[in-house]
Amino acid sequence: MRHYPAMTERVSGAGLKKLRGDLLEWFDRHRRELPWRASRDPYRVWIAEVMLQQTRIAAVIPYYERFLARFPDVTALARAPEREVLKLWSGLGYYSRARNLHAAAEKIVAEHGGIFPRELGAALDLPGIGVYTAAAVLSIAYDVPLAVLDGNVARVLSRIGAVRGELRASENWTALQETADEYLVASRAGDWNQALMELGEVCCTPKSPTCLVCPVVHECRAYALGLTGEIPEPRRKRATVTVRIAAAVLVDPAGRTLLVRDPGAHDDVVFSRMWQFPAVAVKRNARDELLEHLRGTLGVDASLRLEKLAVAKHGVTFRDITLEPFLVRVEELPKVARTRVLALGKLGVVPVSGATRKIAERAGVVLGVTGAAKLKKAKRDPSARERASG
Ligand code: SF4
């Protein structure tokens, strides 16, 4: 890495005036038509902001449209059973987002008359709403003068100011938030925030930014210094943790299988506390440990034969998960509380995670069952909207 000056001064005075004017003018002309931009309804803005966390726009659009068709307002969402919300979320991942949306909708109806609160403190009190999401919703829906800072905005600001160092380091992030606050156009807070985000998504991209058509190229210090390829510095990666999960696809002669909600330590990471096949984290021997788990939790016969299925890989953040599924043919499925019995080809009728789909797919291949993993997982966008708290 080349050496270059420490963070330069923020753009100010006439330069800042030009920066603001150029970016807003560009946004007014080139803003993309996206479904959540059709209105400033805070409910719609909120749903979109939550769905867009770590997920690409193209992947979000069909989920957003289905979700809004079923839950057109906050009251409809609050009244729905959580399982229905999770079902519509199935495939988007990070399911705590859906649970929090539902809980927040209930709170908005109970405490705010069904209207997303305008005050920052009240917004931050809602489940799943962090600083980023609150600033995004309040600025876009109500023009509250709050500046957003997410991965896209941080990249744009770091290039404009030629900021060195890792952006996520707390002192850098704090400095970037202060820069974002200073640059904010208070009278058009929502448009300004969206313009910065949009610039990061379509022009000031992580690799190969298109500087020659960038509306703020004249104010960009990274461009002037020839450092756009080196700023921001790559994020240091957390060490990968490997995890093995053995799962049992029990199947009866009618082709039905059994799903559980198993509150094990790995569940929230791998299965997101959704309906899943009985599973256990493996320490040594997958077959023995899974059989022991099935005996202990479902009371199955210890002499059952476990047929090994093809292994599947599943990555969740820094975890490298190996799924080791087994097919277990039984005369009768165990009758135990908090389980569900359904045809292997109909898993899509209940909320299941991507890991469960992969396991079902492996069993479906052996049993000749199609549709065992019908719903595809939405693609993540590692560069965009990575704020975790929202
Ligand atoms: S000139 Fe290039 S690096 Fe600078 S803000 Fe525009 S796209 Fe990003």
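Figures for the structure shown
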item: Protein-only accessible surface order, largest first, of 191, 143 at 1.4 Å; result: 143, 191
item: Highest-fluctuation residue, 48, 104, 14 considered, GNM on the chain with Cα pairs under 10 Å; result: 14
item: Whichever aspartates and glutamates have a C-alpha closer than 15 Å to that of residue 237, once near sequence neighbours (fewer than 8 apart) are set aside; result: 166, 320, 386
item: Helix-only [θ]222 nm of the chain, DSSP H runs n ≥ 4, -39500 (n - 2.57) each, per residue, nearest 500; result: -12500 deg cm²/dmol
item: With 5 Å bins from 0: P(r) over segment 241-367, alpha-carbon pairs, percent; result: 2, 11, 24, 27, 22, 10, 3, 0
item: For residue 321, residues with placed amide H under 5 Å, excluding near neighbours; result: 243, 314, 315, 316
item: Between segment 239-263 and segment 108-146, the Cα center-to-center distance that results, in Å; result: 39 Å
item: Highest-fluctuation residue, 117, 62, 351 considered, GNM on the chain with Cα pairs under 10 Å; result: 62
item: DSSP-defined beta bridges in the chain - what % are antiparallel, rounded to 5; result: 60 percent
item: HN-Hα J in Hz across segment 101-114 - Karplus 6.51, -1.76, 1.60, θ = phi - 60°, x for Gly and Pro; result: 4, 5, 5, 5, 4, 4, 5, 5, 5, 6, 10, 10, x, x
item: On Cα atoms only, tilt of 151-161 relative to the major axis of the chain in degrees; result: 30 degrees
item: Value of D in µm² per second that Stokes-Einstein yields for the chain, Kirkwood Rh from Cα pairs, at 4 °C (1.567 mPa s); result: 56 µm²/s
item: Spacing of the two label points (7 Å from each Cα toward its C-beta) at residue 240 and residue 350, in nm; result: 3.2 nm
item: Greater than 19 Å apart at Cα, pairs in 308/346; 18/207; 87/358; result: 308/346; 18/207
item: Loop sites in segment 261-369: trypsin sites (Lys or Arg not before Pro), DSSP, at most 14 other Cβ within 10 Å; result: 261, 283, 284, 305, 335, 338
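The values are calculated or read from the model by the stated rules, or taken from the named source; none is laboratory data. Computed from a prediction, not measured in an experiment: that's the story for all the values here. Glycine gets a Cβ as well: all are built from the backbone with ideal geometry, and neighbour counts include every protein chain shown. Keep in mind that these areas ignore ligands, DNA and RNA; they rest on the heavy atoms of the full protein, side chains included. Shrake-Rupley method; radii C 1.70, N 1.55, O 1.52, S 1.80 Å.
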